[in-house]
Amino acid sequence: MALKLHGLVGSNATFRSMVALIEKDLDFEFVPVDFASREHKTPQFLARNPFGQVPAFEDGDLKLFESRAITKYVAEVYANKGTNLTFSDPKKLAIQTVWMEVEGQKFDPASAKLVWELALKPIFGQKTDDAVVAEFEGKLAQVLDVYENRLTESKYLGGDIFTLADLHHLPNIHYLMGTKVKSLFHARPHVGAWCDDILSRPAWLKVVDLLPK
Amino acid sequence: MATPVTVYGPPLSTAVSRVLVCLLEKDVPFQLVPISMAKGEHKKPDYLKIQPFGQVPAFQDDEITLFESRAICRYIAEKNPSKGTMGLFGTNPLVKASIDQWLEAESQSFNPPSSILAFQLVFAPRMKLKQDEALIKQNEAKLVKVLDVYENRLGESRYLAGDEFTLADLSHLPNTQYLVEKANRAELFTSRKNVGRWWDEISSRPSWKKVVEMQNAPPQ
C-alpha cells in the first residue's frame, strides 16, 4: 500500500494525522510502533523521524514527519478526494493558516500539558500535579476566551467551513472532555458548540473507536 | 507601485524579526509601526482587534490583516513567488512538504527551549527579573537534543529542507541570533560542525544583517 502511517494508538500526534487521512477517504496502512521495546529509538525508525517521535508517514518514496506537515500534505495533494480540508483561495487560506498556527503555538502547549496530567498520568499510575493543572487551566482559559470571540464571528476557526485549523484540535479536546477541564469548553457557548460539532464527525469517531474500551 | 505592507511591533521581538527577514528576502517594501510594550499598547482595544492575543507582530497589506509570524511568512512567500529569493516556500508540493516538516520541527521542537533560554538569559536580566537556573538547565538539555538532530540532518543537506534556503531555515534566525550573540551560548551551535556552518551561512545573508541592524539601532 502506497500510504503508510507509523504511530501509536492513543498518541495525540498520531491521531491528528490519522483523522486527516480518514477525512480524505484515503486507503492507508497503519503500522504500530512498539514503544515498549523502544522501537522509536532504533536507527530504522530514526530514519523515518529523526526526533524519535510518532507519527511518521510515507506516500511511495515521500517520507514525512510532524503531524501537522503530514495533514497539510494530505489536504493539498489529495485535494480532490474526500472532505475538503483546506481553502484554495489565497486570502481564505491565509486566515486558515493563522488559526493553524494558533493551535500549534497556543492551544497545544496549554492543552497537551493538561492531557498529560489529567488523562494520561492516571493511566500510567503517576500522580497528577495540581499546581501544574491550575497553571495550565489558566493558560487554556485565556486561549479559549479568544476562541469564543472568534467563533461568534466565524462558524469554524479557520473560516466558514471545517478545515485543518479545526481538525488539529481534535485529539487534545477529545482527551480533555474526559476530565474536569471539559467545563472550560462548555462554559463558553460557541466553543462548546464547536467542540460538539467537530467531535461528532464520522472520521473522528472512527479514530476514537481504536482506543481500548 | 505596490503600497508598502505594515508590520506592527518592535524589531527586537523574535517573532517580529521573523516577519521582517521574510519581507526583506522577498523584496516586499514595508513600514514598521512601533508598539510600545512598556506602555501597554499591545493590550489596547484597537490593537486587540487585529491581534486578539495582544502579542506582536501583526501584519496588514491592502487585502488582509494577519497575525502569527509563521502564518505571515507563509502568506508573504506564497503571494510573491517571483520576487526576491525564490523557493522560500517551495515550487511544488513535494518540496513544500519538506519545508513544512522542518518549519513544524522549528515551531514544535526548536522554538520552545530556545525561546525560554533567550528569555531567561537575555530578556530577564534586562527586565531585572530573577533567572530560573533550573529552567535554564532543563531547556539547554532539550535544545542540545534538537541540535544533535540538526547536526545529522545538515550533514545530509546544505539547508534543513534540502539544498536551498527556505522558510524552514529562516524561522530559526531570531532565537539563534539571541543565543549566539547576546546569551553567551554560541558554543552550542559552533561546536557542531554542520550546525555551525549552517548558522554562518544563514546569518550572513544580507536580509538578516539588515534586521540585526534594525534591532541594534537606537530607539526612535
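Bear in mind these aren't lab numbers, they're just calculated from the coordinates by the rules spelled out. Computed from a predicted model, the values in this text were never measured in an experiment. Here the Cβ positions follow ideal geometry from the backbone for every residue, glycine too, while neighbour counts run over all protein chains shown.
I'd like the FRET efficiency for A:Leu120 and B:Gln31, computed as 1/(1 + (r/R0)^6) with the beta carbon distance as r and R0 of 51 Å, rounded to 0.05. Working from the Cβ atoms, E equals 0.60.
If you filter region A:31-119 for trypsin sites (Lys or Arg not before Pro), then keep DSSP loop positions with at most 13 other Cβ within 10 Å, what is left? If you can, show how the numbers build up before the last one.
Details: sites: A:Arg38, A:Lys41, A:Arg48, A:Lys63, A:Arg68, A:Lys72, A:Lys81, A:Lys91, A:Lys92, A:Lys106, A:Lys113; in loops: A:Arg38, A:Arg48, A:Lys81.
For trypsin sites (Lys or Arg not before Pro) across region A:31-119 that sit outside H, G, I, E and B with at most 13 neighbouring Cβ atoms in 10 Å, the list reads A:Arg38, A:Lys81.
In units of the compact-protein estimate 2.2 N^0.38 Å, region B:57-184 shows a Cα radius of gyration of 1.18.
Return the calculated 222 nm mean residue ellipticity for chain B, to the nearest 500 deg cm²/dmol, obtained by summing -39500 (n - 2.57) across DSSP H runs with n ≥ 4 and dividing by the residue count. Show your work: numbers first, answer last.
Working: 11 runs with 114 residues, N = 220.
Helices in chain B give a 222 nm mean residue ellipticity of -15500 deg cm²/dmol.
Taking only the Cα atoms of the protein assembly as shown, the ratio Rg/Rh comes out at 0.94, with Rh defined as the Kirkwood radius. Between A:Val77, A:Val191, A:Val54, the GNM of chain A built on Cα springs shorter than 10 angstrom shows A:Val77 fluctuating the most.
Shielding by partners for peptide A:77-90, expressed as the average number of C-beta atoms from other protein chains within 10 Å of each residue's C-beta, is 1. Phi-derived couplings, Karplus 6.51 cos²θ - 1.76 cosθ + 1.60 at θ = phi - 60°, listed residue by residue for region B:118-130: 4, 5, 5, 8, 10, 7, 4, x, 4, 8, 6, 9, 6 Hz, with x used for Gly and Pro. Lysine pairs in region A:117-212 whose alpha-carbon atoms fall under 29 angstrom of each other, counting only those eight or more residues apart or on distinct chains, come to 15.
Other protein chain C-beta atoms within 10 Å of residue C-beta, averaged over B:96-109: 6. Ranking B:Thr190, B:Ala161, B:Pro45 by Cα position along the charge dipole of region B:43-200, where only Lys, Arg, Asp and Glu carry charges on their C-beta atoms, puts B:Pro45 farthest toward the positive end. Derived from the Cα gyration tensor, the three semi-axes of the equivalent ellipsoid of region B:5-84 are 22, 12, 10 Å, largest first.
Can you compute the charge dipole magnitude of region B:5-84 about its Cα centre, using +1 on each Lys and Arg Cβ and -1 on each Asp and Glu Cβ, nothing else charged? Give it in debye, rounded to the nearest 20. Please list the in-between numbers first.
On the way: 10 positive and 9 negative charges, 51 e Å.
The calculated dipole for region B:5-84 is roughly 240 debye.
Taking every C-alpha pair closer than 8 Å and separated by at least 6 residues, the mean separation divided by the residue count of region A:76-159 gives a relative contact order of 34 percent.
Listing A:His6, A:His186 from fewest to most neighbouring C-beta atoms within 10 Å gives A:His186, A:His6. Relative contact order of chain B: 21 percent, from C-alpha pairs under 8 Å at least 6 residues apart in sequence.
Please identify the chymotrypsin sites (Phe, Trp or Tyr not before Pro) of region A:1-80 that satisfy two criteria: DSSP loop assignment and at most 13 other Cβ atoms within 10 Å. Which are they?
Values: sites: A:Phe15, A:Phe28, A:Phe30, A:Phe35, A:Phe45, A:Phe51, A:Phe57, A:Phe65, A:Tyr73, A:Tyr78; in loops: A:Phe28, A:Phe35, A:Phe51, A:Tyr78.
For chymotrypsin sites (Phe, Trp or Tyr not before Pro) across region A:1-80 that sit outside H, G, I, E and B with at most 13 neighbouring Cβ atoms in 10 Å, the list reads A:Phe35.
Restrict the search to region A:96-149; then list the chymotrypsin sites (Phe, Trp or Tyr not before Pro) that DSSP places in a loop and that have at most 12 other Cβ atoms within 10 Å of their Cβ. Could you put the intermediate results ahead of the total?
Details: sites: A:Trp99, A:Phe107, A:Trp116, A:Phe124, A:Phe136, A:Tyr147; in loops: A:Phe124.
Counting only loop positions with at most 12 other Cβ atoms within 10 Å, the chymotrypsin sites (Phe, Trp or Tyr not before Pro) in region A:96-149 are A:Phe124.
Under the classification rounded if a/c is under 1.5, otherwise prolate if a/b is larger than b/c and oblate if not, where does chain B fall, given a ≥ b ≥ c as square roots of the Cα gyration tensor eigenvalues? The shape class here is oblate. The relative contact order of region B:93-208 comes to 32 percent, based on Cα pairs under 8 Å that sit 6 or more residues apart.
Which order results if B:Thr91, B:Thr65 are arranged by neighbouring Cβ count within 10 Å, fewest first?
Details: B:Thr91 12, B:Thr65 16.
Listing B:Thr91, B:Thr65 from fewest to most nearby Cβ atoms yields B:Thr91, B:Thr65.
With Cα atoms as the point set, the radius of gyration and Dmax of chain A evaluate to 17.1, 48 Å. For the peptide A:56-67, the mean number of other protein chain Cβ atoms found within 10 angstrom of a residue's Cβ is 3.
Count the net charge of all other residues whose Cβ sits under 15 Å from the Cβ of A:Ala79, scoring Lys and Arg as +1 and Asp and Glu as -1. Overall, the nearby charge balance is 0.
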